[in-house]
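What follows is a short report on a single structure.
Just so it is clear, none of the values below were taken in a lab; they were calculated from the coordinates. None of the values given here were measured: they were computed from a predicted structure. Don't worry about glycine lacking a Cβ; one is built from the backbone with ideal geometry, like all the others, and counts go over all protein chains shown.
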Amino acid sequence: MVDLPTDDRLTIRDLQAFHRELDEAKGFDRDLFRNLTYLMAELGEAVRAARRLERARGQPGGDEAREHLGEELADCLAYVLKLANYAGLDLQSCYAKKMKQNLERTWPKKRRSTYR
């Protein structure tokens, strides 16, 4: 049986370990490219959920829309963790390295979006 991690101080490594165990226990498809397409489908669902949340702001049903978006984003995170596992990546190290690069990087000033 796979135990769901619940500690408030979970690391990315903890989450990757959970998904390694879950994939093994459930016999999930481990093909890298198919799982990339599954992630793309989940991202589409997250976009639809975000649109629903934007329409629901200040309206009844807003909390339900927010919860739904959270579920879809959690699905996306699960696929990112799984993809890192399938590629043999320590995502925690990859993330820290990339964010360090971003801290030292500069971006051109862009006009702020007026989307709402």
Residues in the stretch 1-34 that are in contact with a Lys or Arg (Cβ under 8 Å, 6 or more places away or on another chain) and touching a residue at least 60 places away in the same chain (Cβ under 8 Å): how many? 2
Pick from the stretch 2-28, criterion among the acidic types (D, E) and surrounded by 11 or more Cβ atoms within 10 Å (Cβ to Cβ), ranking: farthest from E64 (Cα to Cα): E24
Checking L53, L69 in turn, the sole residue that is over 27 Å from Q92 (Cβ atoms), of a type in the set (A, V, I, L, M, F, W, C) and out of contact with any Cys (no Cβ under 7 Å at 6 or more places or on another chain) turns out to be L53
It is to be established whether one or more residues within the stretch 32-51 are of a type in the set (S, T, N, Q), within 27 Å of P5 (Cβ to Cβ) and loosely packed, with under 12 Cβ neighbours inside 10 Å. yes
Name every residue in the stretch 82-106 that is farther than 20 Å from T37 by Cβ, part of a helix (DSSP H, G or I) and either touching a helix residue (DSSP H, G or I) at 6+ places or on another chain (Cβ under 8 Å) or of a type in the set (S, T, N, Q) (or both), in order of residue number. Q92, S93, C94, Y95, Q101, N102
How do the pairs read when you match residues in the stretch 78-106 that are more than 17 Å from T11 (Cα to Cα) with residues anywhere that are in a helix (DSSP H, G or I) and of a type outside the set (S, T, N, Q), using Cβ under 6 Å and keeping only pairs 6 or more apart or on different chains? Y86/L32
